[in-house]
Amino acid sequence: MNVATSAESRAPGGVHEPHEGALFVEGVSVSFDGFKALNDLTLYVDHGELRCLIGPNGAGKTTLMDVITGKTRPDEGQVFFGDRIDLLHLTEAQIAEVGIGRKFQKPTVFERLSVRDNLTLALKQDRRVWAMLRARLSGAERDRMDEAAAQIGLLDALERPAGELSHGQKQWLEIGMLLLQEPRLMLIDEPVAGMTRGEIERTAQLLQDLAGERSVVVVEHDMEFVRSIARRVTVLHQGHVLAEGSMAQVQADPRVIEVYLGE
Ligand code: ADP
Ligand code: MG
C-alpha cells in the first residue's frame, strides 16, 4: 500500500498538503480477553489543534493514548502521525522520538531536585543524571529552559525544590519537562484533577498557549475546564466515538446526555 496516498485520501476535506503533526486513527480495535476496549475507533486531530477527549470511566480514553504511544498494539486499524509515519510499526521509544509526548495523570517530578534541575533533566534526556546536572547548558539551552519556565509560570521558582511546589505547579513543571522534549503532539491525561480553581484557570490558559505550535489532546473529566478550552470535543463511549463537535453541540446531543453528561 502506498502510505502517502492513503494518508492523503484520509485527510479531512481531501487536502493534499502535508499534515505534519496531525494524527490519524482509523478503525482501531483493541481487545482484552475478548472485551473490546476500543471498537472501530476513528479520530483525526489536526496540526495545532487543541482537542478534548471526554467519556465515562472505561470508555477507552487511556487505551487510546496507549495505542498512540505504542504501549498497546491494536488488533485492527491504522494509526498515522502526519502523512507517512505509521505508528504501528514503531516502538514506544521511536514514537517519542518522532515527536509524540505523553503526560500521565500523576505528576512524576523529582521532588528533591530544584525546578531548574528537573527541567535540565528533560532537556538533556540523558540517563547519567548527576554528570548531566553538573554539565553546563549552552546559551541556547538556557534560553529554551527559561522560555519553558516562563510559559509554565515557574520562572521565579527555578531554584526551589520541586517537592515544595503546589500540586498544580508540579503538574505545570511536568508539562514544562514534556515541552522541552519538543513534541509535535502532546497527550495529556487529566491535568486538572486535584487543582484549585485558580490553578485550573491557569492550566486552561497554558494548554491554549501550547496548542497552535503543536497539537494537544487532553483527556479531562472537569466539564467546566473542558468548556473553557474546548474547540472540538470528542466523546468516547464503549471504545467508539459517540459524538464530536463543539462543546455546545456534544452537550446538546441526546446520546451524550444519556451516557455521560446526564449522570
Ligand atoms: P478510560 O480511560 O476511558 O476510563 P480505559 O481505556 O482505561 O478507559 O479502559 C477501557 C476498558 O478497557 C475498561 O473496561 C478497562 O477495564 C479495560 N482495560 C483497560 N486496560 C486493560 C487491560 N490491560 N486488561 C484488561 N482490560 C483492560
Ligand atoms: Mg483513563
Of all DSSP beta bridges having both residues in region 187-253, the percent classed as antiparallel (nearest 5) is 55 percent
Spelling it out for L38: with amide H atoms placed in the peptide plane at 1.01 Å from N, the residues 5 or more places away or on another chain with amide H under 5 Å from its amide H are V30
May I ask for the distance between the Cα centers of region 30-53 and region 166-185, given as a whole number of Å?
23 Å
How many nm separate the modelled label positions at R136 and E76, each set 7 Å beyond the Cα in the direction of the Cβ?
6.0 nm
Q249/T196 FRET efficiency (R0 25 Å; Cβ-Cβ; nearest 0.05)
0.25
Fraction of beta bridges assigned by DSSP in the chain that are antiparallel (%, nearest 5)
55 percent
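Percent antiparallel among DSSP beta bridges with both residues in region 147-260, to the nearest 5?
Of all bridge pairs located within region 147-260, approximately 45 percent are antiparallel.
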Treating each Cα of region 106-219 as an identical point scatterer and ignoring solvent, apply the Debye formula and state log10 I(q)/I(0) at q = 0.14, 0.19, 0.20 Å⁻¹.
-0.54, -1.00, -1.11
Furthest towards positive pole of dipole, I68, Q105, H47, structure part region 44-107, Cβ charges:
Q105
Could you grab the relative contact order for the chain? Cα pairs under 8 Å, six or more apart, rounded to a whole percent.
26 percent
Taking 8 Å as the Cα distance limit and 6 or more residues as the minimum spacing, I'd like the relative contact order of region 32-162 as a percentage.
19 percent
Per residue, how much accessible area does the chain show when a 1.4 Å probe rolls over the protein heavy atoms, in square angstrom?
48 Å²
At a 1.4 Å probe, what is the % contribution of carbon and sulfur to the accessible area of region 201-263?
45 percent
Alpha-carbon centroid distance for the pair region 187-230 / region 58-107, whole angstrom:
20 Å
Would you work out the charge dipole size for the chain about its Cα centre, treating the Cβ of every Lys and Arg as +1 and the Cβ of every Asp and Glu as -1, and quote it to the nearest 20 debye?
680 debye
List, in order, the whole-Hz ³J(HN,Hα) value for each residue of region 92-100 obtained from phi through the Karplus relation with A = 6.51, B = -1.76, C = 1.60 and θ = phi - 60°; use x for Gly and Pro.
4, 5, 5, 5, 5, 5, 6, x, 10
Counting sequence-distant residues (5 or more places) and residues on other chains, those with an amide H built under 5 Å from that of E76 are S29
Given an 8 Å cut-off on Cα distances and at least 6 residues of separation, report the relative contact order of region 192-257 as a percent.
21 percent
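The values are calculated or read from the model by the stated rules, or taken from the named source; none is laboratory data. Keep in mind that this is a model prediction, so the values were computed, not measured. All Cβ positions, glycine included, derive from the backbone under ideal geometry; neighbour counts span all protein chains shown. Heavy atoms of the whole protein, side chains included, go into the accessibility calculation; ligands, DNA and RNA do not. Shrake-Rupley method; radii C 1.70, N 1.55, O 1.52, S 1.80 Å.
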